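Scroll down for the structure; my scribbles are underneath it.
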Ligand code: MRU
């Protein structure tokens, strides 16, 4: 299963909105289709968004019809801006855009600009695959035989195009032969846990139970959780971490119950320009995601809702960060 694959003149992705019922691959033929796929969460998860963003820019650049480098650069800026405007929170997306902008800046003509952009996108993709493999290996050292690990949202291969971050750690520990059990939260409103994490854990034969988000505290209080590991969308310099809405509540509950709480994320998720978590832009998504479940309305019509896609966990609740470089304290 390749969540994101560059086909030379188009980008193929697995449509994450149709899983687990349908395993459908989409071929995205231009930058607008890639931008729409990121906005609508057909491709999602911070590292996977970064990879898709890079290929989307490379694809858009292939289709700019000029041989004049100055004109090309002007058109390129529109392509890069369209991708940058898709989702505001994941650092990986902006990291990818910045790397692509630097690559185009090195070109001395249009042909080399196009070549550099494809090469840079492939480099970003390879780096995420490599980083997540190391994250999985580093994180697995924290897991002991018999542990029950709670995780939130979806952080597996789908979300990263590689081994996964938090879920990669869990899957690696299982492959090492450790007898573990996973509690996977459903992750309202869009149920990435129920739809995607459950699908990935089942494929890997990792023993797990699906729980609703509101059950997390109950199981921690009963001492049935040995460790929490989740991913991240953006990490500020002081260690405050934005991740899927609900992460903050889980972190506070973990702290209250003495359960170690780890963030697994590649370096591309760390934002050295942001000092503290309250500077992180939190994406507000459509009210329909809250008033509906699996496309069916569950709330009365004509009501007001809040729908922040992420929250920020203060660094003081984070036991450690698992990255490709090792394990560090906030
Ligand atoms: O809105 P999503 O589904 O893109 O949110 C994803 C998350 O919050 C993940 O936990 C995060 O991106 C880490 S992915 C390895």
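A short reminder: the numbers here are calculations on the coordinates, not readings from a lab. From a predicted model like this one, the values you see are computed outputs, not experimental measurements. Every residue, glycine as well, gets a Cβ built from its backbone with ideal geometry; the counts of neighbours run over all protein chains shown.
A few remarks follow.
- In the chain, helices alone account for a calculated mean residue ellipticity at 222 nm of -12000 deg cm²/dmol, with every DSSP H run of four or more residues adding -39,500 (n - 2.57).
- For the chain, fraction of C-alpha pairs farther apart than 28 Å, in %: 39 percent
- When the Cα atoms of the stretch 139-328 are aligned to their principal axes, the ranges along those axes come out at 51, 38, 34 Å in descending order.
- Relative contact order computed over the chain (Cα-Cα under 8 Å; 6+ residues apart), in percent: 16 percent
- Extent along the principal axes, Cα only, for the stretch 4-133: 47, 28, 26 Å, with the longest axis given first.
- Axis of helix 110-140 versus longest Cα principal axis of the chain: the two differ by about 10°, to the nearest ten degrees.
- For the stretch 40-81: Kirkwood Rh in Å [reciprocal of mean 1/r, alpha carbons]: 11.2 Å
- Put simply, the convex hull of the Cα atoms in the stretch 225-330 casts, on average, a shadow of 8.2 nm².
- For the pair residue 122 and residue 209, a Förster radius of 35 Å applied to the C-beta separation gives a FRET efficiency near 0.35, rounded to the nearest 0.05.
- Whole-number percent relative contact order across the stretch 4-133, with pairs defined as alpha carbons under 8 Å at least 6 apart: 24 percent
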